[in-house]
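Scroll down for the structure; my scribbles are underneath it.
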Amino acid sequence: MNTAEKILALRTELHEHNRRYYIDDTPVISDREFDEKLAELQALEDANPALFDANSPTQRVGGAVTKNFNTITHEHRMYSLDNSYNRQDLLDWEQRMCKNLGVESLDYTCELKYDGASISLTYEGGKLVQALTRGDGFQGDEVTQNIKTIHSVPLQISASDVPQHFAIRGEIILPLAGFEQMNKQRLAQGEEPYMNPRNTASGSLKLQDSKLVAARPLDCFLYQIVTDRTLFQTQLASLQAAKRWGFYVPKHFVHAHNMQEVFAFLDHWELERSSLPYEIDGVVVKVNQLAYQEQLGYTAKSPRWAMAYKFKAEAVETQLEDLVYQVGRTGAITPVAQLKPVLLGGTIVKRASLHNADFIAELGLHLNDTVSVEKGGEIIPKITSVNHSKRLPNSQAIQYATNCPSCGTPLKRNPEEAQHYCPNAAGCLPQRVGRVAHFISRKAMDIDGLGAETIQLLIINNRINSYADLYALTEADLISLERLAEKSAQNIVQAIAASVSIPFHRVLFGLGIRYVGQTVAKKLAQHFGSIDALMQADVEALEAVDEIGTRIAQSVVAFFQDVDNLFVISQLRASGVQLEAAVSSQPTSTTLADMRFVVSGVFSQYSRDELKAAIEQHGGKISSSISKNTTYLVAGDKMGPAKKTKAESLGVRIISEQELDALISS
Ligand code: AMP
Ligand code: ZN
């Protein structure tokens, strides 16, 4: 087998394994074997850039950055659906259609109505060539690079009956488990949780950096094949074909021979919807015979042959007893409604998040209002409306807090952020406690046995000022605080001592720098190798690291500009905490010291990452964009013309990979 054949064979094999894993749920190789094969393919592709394929399985990891999404006209308009809320609506609909078609009865398909963002995928010769959002139905935004990162979207299909050109419609959704996982991470990073899976899914499609999309556990459910000529007789047959071609068509659709069977499907899912691992907001009933669909046609905004039956969100009324404000470790303030306990969807609800000041203002909430609380399949119940007829005569509109509930400092709010925060980071008790709790958490320094209450006692009694003081704690310090037995004090002191061998990237995560979660901490540790190198990095140097954007870069720089933080780091250093990565990526020479490089295009000898690593190994700095500070632009094939023009206009020298080699060995 020559290299080209080897690459093709690996791609076909990996497409197949991908399908087995993500769509059929019947994997035949281990994740590890899959990763190894993928790495093998990546290496071959890197070494043979001429054999690049935009639909290779290696393209799923993302990397493409889209600054502006192109608006493109849909080949076939994307309609919305008529809604119905009760069964009479459906019976009336059936009658209208029978009259219109001159038939006695109709059969239907029933599908779940997935709650996400609509998408239209176009395939050409079996390859995914374009993905468009619904937009206004006539035109959508092109989000192909982002969609390619979703594993359940086939990049290439090979069934024999696939048309040369077709589109397929579906919904991009975020499964509940993935959504919860994402929110856990957000909270751990001191960020506000996402409101619901649907908005998060649709927001994901418009992220500029496709790597970030790849990191989100999105799924794509397909429900309609669109072609110029009719391929199938029924919707049922077309769903089955889509499934056979390798698309993810959730298994729950049924063929209903009459309205009674449709109603049975509705009954079933009205009860069972909460057992699904993703959210639905109803059922879509479609006329099964495609010939009838064609005869029925469309109104100005929706097909006449389909009807969405929307489930009522489960809701109850209860009273808002109080509003409390929580202060997170980064100072973010979250208002929480304290409700009169009420049973909703099988659980007792006592609290609901009110998100931020704007949300409360929009509701026009008064204290003691009777409010409607909903749990539309979401995890966190939400207040959706106020029952004005039950408002008490002298009730007061809620005035959002102006000062921190804990330390009294006036709250602030950045213009682009929804949440208020307490700026008194150094003195505000819940923030201080939160930072220590984060430092010792399992994913950071993993120090067991210290609960938030004990931490608070330690701080109030001046035993510790920050997490760096933990290393000076003695058993006596701990025992002198009531409640702690000798044995537990001993265990805690031991756990603290043991934590000095926790690797650098976890220490970095534990520092609690805003926006530096586990993944970012790993990236930074890997790239800079030590806290000293990281402290030296400016915004530009930080932004040159993969996946590090301006917001993170600025936050890191600000952290190391704060004298209190510098003191804490000097204490950690004195205590022997790991502030260097085990394998340091310190430069091996200084040949390129004081030079700034931008690397762009496709190279033949090295991959882009290898080039960057080589530059850094010899003391050079990498930037993501060309400026007057750039010393060299290392240019490969397919470099964007804009970069070239910019380099020329700023007088930046453009060199090839060979010239870079020469520079290094000089
Ligand atoms: P609406 O946005 O309420 O007008 O509902 C129409 C949208 O429902 C479509 O644009 C699709 O994105 C979505 N949808 C979800 N599941 C289905 C399904 N099984 N069949 C058709 N549309 C669906
Ligand atoms: Zn405060």
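The values are calculated or read from the model by the stated rules, or taken from the named source; none is laboratory data. Since the model is a prediction, treat every value here as computed from it, not as a measurement. As a convention, Cβ positions derive from the backbone with ideal geometry for all residues, glycine included, and neighbour counts pool all protein chains shown.
Can you tell me which residues in segment 106-140 are away from ligand 1 (no atom under 15 Å from the Cβ) and out of contact with any Cys (no Cβ under 7 Å at 6 or more places or on another chain)?
Those that are away from ligand 1 (no atom under 15 Å from the Cβ) and out of contact with any Cys (no Cβ under 7 Å at 6 or more places or on another chain): D107, T122, Y123, E124, G125, G126, K127, L128, V129, Q130.
To keep it simple, each residue is scored yes or no on (1) exposed (fewer than 15 other Cβ atoms within 10 Å of the Cβ); (2) assigned to a loop (DSSP other than H, G, I, E, B).
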site	(1), (2)
V324	yes, no
I333	no, no
P341	yes, no
I360	no, no
V371	no, no
L392	yes, yes
S395	yes, yes
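Within the set of pairs 6 or more residues apart or between chains, which connect a residue that is of a type in the set (D, E) inside segment 161-182 to a residue that is part of a helix (DSSP H, G or I) and crowded, with 24+ Cβ neighbours inside 10 Å with Cβ atoms less than 9 Å apart?
E171/A201
Select from segment 406-419 the residues that are closer than 15 Å to N356 by Cβ and either surrounded by fewer than 19 Cβ atoms within 10 Å (Cβ to Cβ) or at pLDDT below 95 (or both) and write down the one among them that is nearest to ligand 2 (Cβ to nearest atom).
Looking at residues that are closer than 15 Å to N356 by Cβ and either surrounded by fewer than 19 Cβ atoms within 10 Å (Cβ to Cβ) or at pLDDT below 95 (or both), I get K412.
Quick test for you: out of L429, L392, L450, pick the one residue that is more than 16 Å from ligand 2 (Cβ to nearest atom) and within 24 Å of G510 (Cβ to Cβ).
L450 is the lone residue from the list that is more than 16 Å from ligand 2 (Cβ to nearest atom) and within 24 Å of G510 (Cβ to Cβ).
Pairs please, first residue from segment 301-330 and closer than 30 Å to R391 by Cα, second anywhere and hydrophobic (A, V, I, L, M, F, W, C) and within 15 Å of ligand 1 (Cβ to nearest atom), Cβ atoms under 9 Å, 6+ apart in sequence or on different chains.
Correct list of pairs: K310/V283; F311/L266; F311/W269; F311/I280; F311/V283.
Could you check segment 430-452 and list, in sequence order, the residues that are farther than 22 Å from S501 by Cβ and either among the basic types (K, R) or in contact (Cβ under 8 Å) with a residue 12 or more places away in the chain (or both)?
P430, Q431, R432, V433, G434, A452
Can you confirm whether L121 is more than 25 Å from P163 (Cα to Cα) and surrounded by 19 or more Cβ atoms within 10 Å (Cβ to Cβ)? Outline the logic, then answer.
On the way: more than 25 Å from P163 (Cα to Cα): no; surrounded by 19 or more Cβ atoms within 10 Å (Cβ to Cβ): yes.
In short, no.
Conditions tested, residue by residue: (1) modelled with pLDDT of 95 or more; (2) touching a Phe, Trp or Tyr at 6+ places or on another chain (Cβ under 9 Å); (3) away from ligand 2 (no atom under 16 Å from the Cβ); (4) at negative phi.
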| site | (1), (2), (3), (4) |
| --- | --- |
| S118 | yes, no, yes, yes |
| D136 | no, no, yes, yes |
| N183 | no, yes, yes, yes |
| L212 | no, no, yes, yes |
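Answer yes or no: is there a residue in segment 632-644 that is outside the structural domain of A553 (by TED's automatic domain parsing), hydroxyl-bearing (S, T, Y) and surrounded by fewer than 18 Cβ atoms within 10 Å (Cβ to Cβ).
No, the conditions are met nowhere in segment 632-644.
Across segment 38-96, which residue is nearest to ligand 2 (Cβ to nearest atom) among those that are basic (K, R) and either on the phi > 0 side of the Ramachandran plot or modelled with pLDDT under 95 (or both)? So that I can check it myself, show each step before the final result.
We begin by selecting, within segment 38-96, every residue basic (K, R); these are 60, 67, 77, 87, 96.
Pick out the ones that are also either on the phi > 0 side of the Ramachandran plot or modelled with pLDDT under 95 (or both) and you get 60, 67, 77, 87.
Values: R60: 44, K67: 38, R77: 53, R87: 54 Å.
The residue in question is K67.
Any residue in segment 395-413 that's of a type in the set (V, I, T): show its pairings with residues that are more than 16 Å from ligand 1 (Cβ to nearest atom) and in a loop (DSSP other than H, G, I, E, B) at Cβ separation under 7 Å, as long as the two are six or more apart or on different chains.
I398/L365; I398/L367; T402/L411; T409/C422; T409/P423; T409/N424; T409/C428
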